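Below is one structure; the comments refer to it alone.
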Amino acid sequence: MATEIERIFLVTGELPDGEDTEIVQAYLNLDPKRTTRVRIESGQATVTIKGKTRGISRVEFEYPIPLDAARELVKIALGVPIDPALFAELLGR
């Protein structure tokens with residue numbers, strides 16, 4: 001078990017060029033007391049369970065899962081899977 005500490009940073013100026021990585025993440029529930037997420041990144045998949053935020057931290061459990069299982073979980077996730085690269089593009093990065 002790990003403890004996640006939420007930190008938010010405002011980045012100004014240009015971001016350095018780097019290698020693009022495709023990331024797909026989807027949420028399996030959005031209960032305020034716990035969140036369950038599946039993420040596929042660079043051909044690897046994980047499922048993450050996060051507890052309720054208390055102050056600036058919350059407990060977090062993250063486990064590797066088979067890529068095929070992650071793809072199936074994305075199909076049954078809530079809403080549309082999130083592509084973080086899309087948000088970066090919309091923000092002009």
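The values are calculated or read from the model by the stated rules, or taken from the named source; none is laboratory data. Note that the structure is a prediction, hence the values are computed from the model and not measured. Every residue, glycine as well, gets a Cβ built from its backbone with ideal geometry; the counts of neighbours run over all protein chains shown. Accessible surface areas use protein heavy atoms only, side chains included; no ligands, DNA or RNA. Shrake-Rupley method; radii C 1.70, N 1.55, O 1.52, S 1.80 Å.
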Condition test on T48, is it closer than 18 Å to A2 by Cβ, touching a strand residue (DSSP E or B) at 6+ places or on another chain (Cβ under 9 Å) and modelled with pLDDT under 90?
no
Residue satisfying all of: in the range 23-43; assigned to a loop (DSSP other than H, G, I, E, B) and either in contact with a Gly (Cβ under 9 Å, 6 or more places away or on another chain) or hydrophobic (A, V, I, L, M, F, W, C) (or both); modelled with the lowest pLDDT among these
L30
Name the residue, out of R37, R54, that is touching a Phe, Trp or Tyr at 6+ places or on another chain (Cβ under 7 Å) and not acidic (D, E).
R37
Hey, can you tell me all the residues within the range 70-81 that are surrounded by 12 or more Cβ atoms within 10 Å (Cβ to Cβ), within 15 Å of N29 (Cβ to Cβ) and of a type outside the set (A, V, I, L, M, F, W, C)?
P81
Taking only the range 36-69 into account, find how many residues are open to solvent by less than 60 Å² (accessible area, probe 1.4 Å) and touching a Ser or Thr at 6+ places or on another chain (Cβ under 8 Å).
11
Return the pairs, sorted by first residue and then second, in which the second residue is open to solvent by less than 30 Å² (accessible area, probe 1.4 Å) and basic (K, R), the first residue lies in the range 26-55 and is within 17 Å of I76 (Cβ to Cβ), the beta carbons are less than 6 Å apart, and the residues are 6+ apart or on different chains.
Y27/R37; T35/K50; T48/R37
